[in-house]
């Protein structure tokens, strides 16, 4: 699924380039990367190797992973918005939204 997110981020960057220039392309790539880093952290926390024996334990792991994902997204988004002066907001947020949708569509993919 990460491969699909990488492709979607690259396509967003390529589509943003003609409309918003280099800063639009960089903003789009950053928007996609923000979600990809958070998704990677989520996956690492969920598959942490713990032997969970109860439904409650499973829920605790899932909630902690989702909380970590949200915190990472908030911090990364804040960092990009405050440190990258030439950010193109539309490209950043649209690419981020596409990356989120691709992650959520993983349930539809049969492996």
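Could you tell me which residue of the stretch 50-72 is modelled with the lowest pLDDT, considering only residues that are within 18 Å of residue 101 (Cβ to Cβ) and surrounded by fewer than 16 Cβ atoms within 10 Å (Cβ to Cβ)?
Among residues in the stretch 50-72 that are within 18 Å of residue 101 (Cβ to Cβ) and surrounded by fewer than 16 Cβ atoms within 10 Å (Cβ to Cβ), the one modelled with the lowest pLDDT is 66.
Hey, can you tell me all the residues within the stretch 32-49 that are surrounded by 12 or more Cβ atoms within 10 Å (Cβ to Cβ) and either touching a helix residue (DSSP H, G or I) at 6+ places or on another chain (Cβ under 6 Å) or not in a helix (DSSP H, G or I) (or both)?
32, 34, 35, 36, 38, 39, 41, 42, 45, 46
Looking only at the stretch 95-109, filter to residues that are out of contact with any helix residue (DSSP H, G or I) (no Cβ under 7 Å at 6 or more places or on another chain) and more than 25 Å from residue 48 (Cβ to Cβ); which one of those is modelled with the lowest pLDDT?
Per the criteria, the residue is 108.
If you check 87, 29, which single one turns out to be surrounded by 12 or more Cβ atoms within 10 Å (Cβ to Cβ), assigned to a loop (DSSP other than H, G, I, E, B) and either free of Cβ contacts under 8 Å to residues at least 60 places away in the same chain or touching a helix residue (DSSP H, G or I) at 6+ places or on another chain (Cβ under 6 Å) (or both)?
Result: 87 is the single residue among 87, 29 that is surrounded by 12 or more Cβ atoms within 10 Å (Cβ to Cβ), assigned to a loop (DSSP other than H, G, I, E, B) and either free of Cβ contacts under 8 Å to residues at least 60 places away in the same chain or touching a helix residue (DSSP H, G or I) at 6+ places or on another chain (Cβ under 6 Å) (or both).
The values are calculated or read from the model by the stated rules, or taken from the named source; none is laboratory data. From a predicted model like this one, the values you see are computed outputs, not experimental measurements. Neighbour counts run over all protein chains shown; Cβ positions are idealised from the backbone, glycine included.
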